Amino acid sequence: MRTPNLNSLRMFDAAARHLNFRLAAEELNLTQGAVAQQVRRLESDLGQQLFHRKARGLALTDVGHDYHQPVRQALAILDEATQKLRPESSRVTLSMTPSFAAKWLVPRLSSFELKHPDIEVQTVASESLANFRSDGVDLAIRLGSPPFAPELDVIPLALMELCAVCSPAYASGLAEIKTFQDFAKHRLIQDSHNQWDRFWERSGVKTDYRKVQFNQTALAMDAAINGQGIALVPHLLIEQDVAQGKLVELWRDRQEPQPGYYIVSPQARPHTQAQKKIINWLLQEVGTAASTS
């Protein structure tokens, strides 16, 4: 039996985690055919079938399932050992959505730079999920709900807590809002998450309402600030605009459980001191905002 090479083991690991050659290939920045070929070669070298090929993806065989756990552990040990050999970087690449970057991070980032002038923060603003193996991202901030993939280290940052907000001028002309259904009387602003539609569907109430659609939360917030209607957006993103008198909070969703913002990173890559400092700063900023809201 030939000893498997490291590349084929990495491809097997990615395919076993995703149970899909295409997703494994995207993670490794390779072609789907290259991953499938390496996995077939590994199976040939081992003399064992590791996957059942199905019409929609893959399924691990019993042998493949038993083999994957030690392979995953071994790769994690290798990655950690290699990371320790490299000089610790003072640069942290942080991925987040454009709206989170514009409405939450950018207004606060100068306070981090004053505390830690030796740490360079690079921000990647994208709606796409971070690929920790290929795109150089160290930490990502994403909105979601548990459970998360087992290979990820996940730190809760804040609950979503959707808020209905509008400009002070628009609020001055509103009739009293006693129930959620009263919002249907007004012009509603919606982003690509379609939260207004979701709430009407969840309430079971069928009603006609006027809405303006934007593809980003930040744009919906700007429209609300400019008096175009009522936006339904996460509380974390409106804190400064409410504090500065640009927006008025009309209603907040405090249901449990609900999605939240999380700091996400790969478990196989221990946090550097610079990364730990920015994680602590993010948690402190949210805690400070929560205590003053």
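For this structure, a couple of remarks:
- Qualifying positions in the range 93-113 - in contact (Cβ under 8 Å) with a residue 24 or more places away in the chain, small (Gly, Ala, Ser) and in a helix (DSSP H, G or I): Ser99, Ala101, Ala102, Ser111
- Checking Arg17, Arg41, Arg22 one by one, the residue that is at pLDDT below 95 and farther than 17 Å from Val71 by Cα is Arg22 and no other.
- Restricting the range 82-93 to residues that are closer than 17 Å to Gln275 by Cβ and at pLDDT below 85, the residue that is surrounded by the fewest Cβ atoms within 10 Å (Cβ to Cβ) is Pro87.
- Number of the exception - Pro147 against (1) in contact (Cβ under 8 Å) with a residue 24 or more places away in the chain; (2) in the same structural domain as Ile263 (by TED's automatic domain parsing): (1)
- In the set (1) at pLDDT below 90; (2) buried (at least 16 other Cβ atoms within 10 Å of the Cβ), Glu201 fails one condition alone, (2).
- Yes/no for Gly64 being outside the structural domain of Pro266 (by TED's automatic domain parsing), more than 27 Å from the chain's Cα centre (by Cα) and surrounded by 15 or more Cβ atoms within 10 Å (Cβ to Cβ): yes
- There is no residue in the range 225-234 that is under 17 Å from the mean Cα position of the chain (by Cα), surrounded by fewer than 19 Cβ atoms within 10 Å (Cβ to Cβ) and not assigned by TED's automatic domain parsing to the domain that holds Arg72.
Let's see how each residue does on (1) surrounded by 14 or more Cβ atoms within 10 Å (Cβ to Cβ); (2) outside the structural domain of Leu139 (by TED's automatic domain parsing); (3) within 20 Å of Ala149 (Cβ to Cβ):
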site: Asp13; (1), (2), (3): yes, yes, yes
site: His18; (1), (2), (3): yes, yes, yes
site: Leu23; (1), (2), (3): yes, yes, yes
site: Glu27; (1), (2), (3): yes, yes, yes
site: Ala34; (1), (2), (3): yes, yes, no
site: Val71; (1), (2), (3): yes, yes, yes
site: Leu75; (1), (2), (3): yes, yes, yes
site: Glu80; (1), (2), (3): no, yes, yes
site: Thr97; (1), (2), (3): yes, no, yes
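- Residue under evaluation Val165, criteria (1) surrounded by 16 or more Cβ atoms within 10 Å (Cβ to Cβ); (2) modelled with pLDDT under 95; (3) among the β-branched types (Val, Ile, Thr), criterion not met: (2)
- Test: Ser111 is surrounded by fewer than 15 Cβ atoms within 10 Å (Cβ to Cβ), among the hydroxyl-bearing types (Ser, Thr, Tyr), touching a Gly at 6+ places or on another chain (Cβ under 9 Å) and not assigned by TED's automatic domain parsing to the domain that holds Gly229: no
- Qualifying residue in the range 159-169 (condition: within 17 Å of Gln255 (Cα to Cα), in a loop (DSSP other than H, G, I, E, B) and not hydroxyl-bearing (Ser, Thr, Tyr)): yes
The values are calculated or read from the model by the stated rules, or taken from the named source; none is laboratory data. These numbers come from a predicted model, not from an experiment. Reconstructed Cβ throughout: ideal geometry from the backbone, glycine too, with neighbour counts over all protein chains shown.
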